[in-house]
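Everything below concerns the one structure shown next.
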Amino acid sequence: MKNLILFSVLLLFFFGFGQNSKLSSEHYQNKRKTLREQLPENSVAVLFSAPIRNRANDVDYVYHQDPHFFYLTGWHQPHSVLMIYKNLQKDTEGLYYEKIYVPERDQYMEMWNGKRYGLNQIKQLGFERVAERVDFKTDTQNLEQFDTVLLFEFKNDIRNQTMYVLKEGTRYKVNDPNDLFDLKTTFREAINFPNDFNRLRHEAYQTILQADSDNLDDVRNIVQSILARDSLLMEDEIIKDFLREPAQNFYVEAQRKTAFALRDHNFDMELLPAILADMREVKSKNEIDLLKKAVAISVVGQIEVMKAMHPGMSEREVQGIHEFVYRKYGAADEGYPSIVGAGENGCVLHYIENEEEHITNQLVLMDLGAEFYGYTADVTRTIPANGIFSPEQKALYQIVYDSQEAAIRAAQVGSSFRELYQLSYDIVARGLIDLGIIAESSEARKYYPHGLSHHIGLDVHDPGNYGDLKANMVITIEPGIYIPENSTCDPKWWNIGIRIEDDILITAEGTENLSAGVPRDWKGIEKLMQQESVLKDFILPEIETLVQ
Ligand code: GLY
Ligand code: MN
Ligand code: MN
């Protein structure tokens, strides 16, 4: 028995495979088709699943699929690759535009880590070709025949992993020869990916190649702006040649060298993120339906906490109520680590420790979102632990509320992220000046240090172009004021941190506040907090009474 326990413990890998997709295979086929239509001629896009990340020793974090990969496939398992070709490819079965590579069935590993799917099962998910990952090596041998191979930057936390095989009743630990690490190594070799690759230098070289005598000044300005992002590139001989004054013929020489330096490279790391940002910033109907559910679940969490909240609770207890509600509705995860910060902790923007054991009469900032079939909400409410805002809390709260309200009202198709931010900033600044907390508008940045809005979707900070709003975008509107201790204002304002965050669907007619179900004005919050909680009788024994 002891050995059996040891055996189990040694093999305790924790990767459940995340939540499967709820959307149809046609949904994903359409997404892949839209991507393919935007690929350049004679190109292939190559996307990898996310790495399995290690927590400690032989325990991994619960697996979470790469959102771009999931967006195009609905596929939630690791060690997989997707290839999408611009032009038809041919094999013995006929013609195809796409192929997904997945782990082979493995009875023994499946016993430990969960079910893998057979190729035929996966094919039913709508892929034209499905192959075992071992075939990736052979299929990537011809990558130089494409004009462009589109890819994302490589993640730098991919481990070469081991697996177990069972031979005649004995278990052997072996290197997994086709894990993500090997798939990427194979791919890097196939595209001659330089070991010393520097993305910005590559971008600068590609830009240099665009220069001619008519646009020389403009292109030089662009290269200068690239240098501003990595000053070490100033030492690069080719870039120096290109920028040398007077320009004379240096740039021609630089172009010649650039073309030579890039001669073996047909890969591109800019285009794929750009196409996917374009696609993902506008949601389709079925994505919006899932987002609405994720937000609705998060709203119930906020409501239940408002009813249950009282001084003496711990931040973790509050977090637990939200997250219990999420699980109760079948959400597999949180879209990001939950933030529950009381008092001074509410002033820390990315406070995820949630370790205050005893909340007093403070404001509690709660920024949480359920992840439902991949799609995540992002909702924040800030409430007084004792159910009543103090005059100082209320004064600051009202400024944040007014700022948010104005931005929500102004949001519509055609308005820009920038103008909404400016609108919200000006209201916060005016309010802080009126309260004597700051003297001029520019100082408000100190107390409102973050942006106003971002897209939500498969990522809590979903990709997009962040220009003008379009119909069927789903964005947050989330102004805040945070006044930590020792700020240069009257100490009565110290340790107050407030954010109000709602998830807003942009429609052709206007907007829909998806998180409107939980009050965000101070009166509505105080009223809801008077309601009785279903948790009032959920009384557990004191831990001291349970241990000797
Ligand atoms: N919860 C992260 C954010 O509000 O952006
Ligand atoms: Mn948030
Ligand atoms: Mn947010």
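The values are calculated or read from the model by the stated rules, or taken from the named source; none is laboratory data. Just so it is clear, the model here is predicted, and its values are computed rather than measured. We place every Cβ from the backbone using ideal geometry, glycine too, and count neighbours over all the protein chains shown. Side chains included, ligands, DNA and RNA excluded: accessible areas come from the protein's heavy atoms. Shrake-Rupley method; radii C 1.70, N 1.55, O 1.52, S 1.80 Å.
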| request: Just check segment 55-209 against the gyration tensor rule for me: Cα atoms, a ≥ b ≥ c as the square roots of the eigenvalues, rounded for a/c under 1.5, and otherwise prolate or oblate depending on whether a/b exceeds b/c. | output: oblate
| query | For segment 431-505, what percent of Cα pairs sit more than 15 Å apart? | reply | 62 percent
| remark: Under the rule rounded for a/c under 1.5, else prolate if a/b exceeds b/c, else oblate, using alpha carbon gyration tensor axes a ≥ b ≥ c, segment 198-310 is classed as prolate
| field | Whole-Hz ³J(HN,Hα) from phi, Karplus 6.51 cos²θ - 1.76 cosθ + 1.60, for segment 303-317, glycine and proline x | value | 4, 5, 5, 4, 6, 8, 4, 7, x, x, 6, 9, 4, 5, 5
| Distance (nanometres) between label positions extended 7 Å along Cα→Cβ at Glu168 and Asn386 | 7.6 nm
| Near Lys31, which lysines are there with a Cα under 20 Å away, not counting those fewer than 8 places off in the same chain? | Lys22, Lys86, Lys99, Lys123, Lys283, Lys285, Lys470
| said: Residues of segment 67-107 with backbone nitrogen within less than 11 Å of a virtual label 7 Å along the Cα-to-Cβ line of Asp135, please, listed as ranges. | reply: 91-94, 99-102
| task | Assign unit charges at the C-beta atoms only (+1 for Lys and Arg, -1 for Asp and Glu), then state the dipole size of segment 233-334 relative to its Cα centre in Debye, rounded to the nearest 20. | result | 540 debye
| field | Tilt relative to the chain, helix 391-410 - C-alpha long axis, 0 to 90 degrees, to 10 | value | 40 degrees
| said: Using only DSSP helix segments of four residues or longer, with each worth -39500 (n - 2.57), what per-residue ellipticity at 222 nm results for the chain after dividing by its residue count and rounding to 500? | reply: -10500 deg cm²/dmol
| message | I need the fraction of alpha carbon pairs in segment 269-315 separated by more than 18 Å, rounded to a whole percent. | response | 58 percent
| query | Where does each of Met306, Met529 land when they are ordered by accessible area, with a 1.4 Å probe and the largest first? | reply | Met529, Met306
| task | Quick one: what are the phi-derived ³J(HN,Hα) couplings along segment 24-32, Karplus 6.51/-1.76/1.60 with θ = phi - 60°, whole Hz, x for glycine and proline? | result | 6, 5, 4, 4, 6, 4, 4, 5, 5
| query | Length gain on complete extension for the stretch Leu232 to Asp58, per 0.36 nm per residue less the alpha carbon to alpha carbon distance? | reply | 58.7 nm
| said: Suppose the Debye formula is applied to equal point scatterers at every Cα of the chain; what is log10 I(q)/I(0) at q = 0.06, 0.11, 0.12 Å⁻¹? | reply: -0.38, -1.15, -1.26
| note | 1/(1 + (r/R0)^6) with r = Cβ-Cβ of Lys328 and Ile539, R0 = 22 Å, i.e. FRET efficiency to nearest 0.05, evaluates to 0.65
| Mean Cα-pair separation over length for segment 84-185, i.e. relative contact order, pairs under 8 Å, 6 or more apart, % | 21 percent
| Within the accessible area of the chain, what % is carbon and sulfur when the probe is 1.4 Å and the other protein chains stay in place? | 51 percent
| query | Which of the lysines could be linked to Lys492 by a straight reach, that is with a Cα gap under 26 Å, when you skip same-chain ones fewer than 8 residues away? | reply | Lys394, Lys446, Lys523, Lys527
| Tell me, what is the per residue accessible area of segment 462-548 in Å², probe radius 1.4 Å? | 54 Å²
| So what are segment 56-117's ellipsoid semi-axes, whole angstrom, largest first, if each one is the square root of 5 times an eigenvalue of the alpha-carbon gyration tensor? | 29, 16, 8
| Förster radius 45 Å - calculated FRET efficiency between Glu189 and Asp426, Cβ distance, rounded to 0.05 | 0.25
| note | Toy charge model, Lys and Arg Cβ at +1, Asp and Glu Cβ at -1: segment 285-444 dipole around Cα centroid in debye, rounded to 20, equals 660 debye
| Whole-number accessible area per residue in Å² for segment 17-131, which is evaluated in the context of all protein chains at 1.4 Å | 44 Å²
| request: Normalise the Debye intensity by I(0) for segment 24-64, one equal point scatterer per Cα, no solvent, then take log10 at q = 0.23, 0.33, 0.35 Å⁻¹ and round to two decimals. | output: -0.81, -1.07, -1.10
| Heavy-atom surface of segment 134-272, accessible at 1.4 Å and reported per residue (Å²) | 57 Å²
| So how much slack lies between Arg418 and Asn215, counting 0.36 nm per residue of separation and subtracting their Cα-Cα distance, in nm? | 70.1 nm
| query | At what distance in angstrom do the alpha carbon centres of segment 400-461 and segment 215-288 lie from each other? | reply | 33 Å
| task | May I ask you to list the residues of segment 485-518 whose amide nitrogen lies under 16 Å from a point 7 Å from Cα along the Cα→beta-carbon direction of Thr34? | result | 506-508
| Mind listing P(r) for segment 408-536? All alpha-carbon pairs, 5 Å bins, whole percents. | 2, 9, 16, 18, 16, 15, 13, 7, 3, 0
| remark: In debye to the nearest 20, the charge dipole size for the chain, taken about the Cα centre with +1 at each Lys and Arg Cβ and -1 at each Asp and Glu Cβ, equals 1320 debye
| message | Just to confirm the number: angle between the C-alpha axis of helix 417-434 and the first principal axis of the chain, 0 to 90 degrees, nearest 10? | response | 30 degrees
| query | Cα-based Rg (one decimal) and Dmax (whole number) for segment 211-274, in Å? | reply | 12.6, 36
| Rounded to the nearest 0.05, what FRET efficiency do Lys123 and Asp434 have when you use their Cβ-Cβ distance and R0 = 60 Å? | 0.40
| request: Choose one of Ile408, Tyr108, Pro384: the residue whose Cα lies farthest towards the positive end of the charge dipole of the chain (beta-carbon charges +1 Lys, Arg; -1 Asp, Glu; about the Cα centre). | output: Tyr108
| task | Pull out the extension gain between Arg199 and Ala247, defined as 0.36 nm times the separation in residues minus the alpha carbon to alpha carbon distance; nm, one decimal. | result | 14.8 nm
| request: Kindly write out, for segment 83-90 in residue order, the coupling ³J(HN,Hα) from the Karplus curve 6.51 cos²θ - 1.76 cosθ + 1.60 (θ = phi - 60°), rounded to whole Hz, with x marking Gly and Pro. | output: 10, 10, 9, 5, 10, 4, 10, 10
| message | For segment 357-423, which GluC sites (Glu not before Pro) pass both filters: DSSP loop (anything but H, G, I, E, B) and at most 13 other C-beta atoms within 10 Å? | response | Glu357
| note | Classified through the alpha carbon gyration tensor (a ≥ b ≥ c as square roots of its eigenvalues; rounded if a/c is under 1.5, else prolate when a/b is larger than b/c, else oblate), segment 286-343 comes out prolate
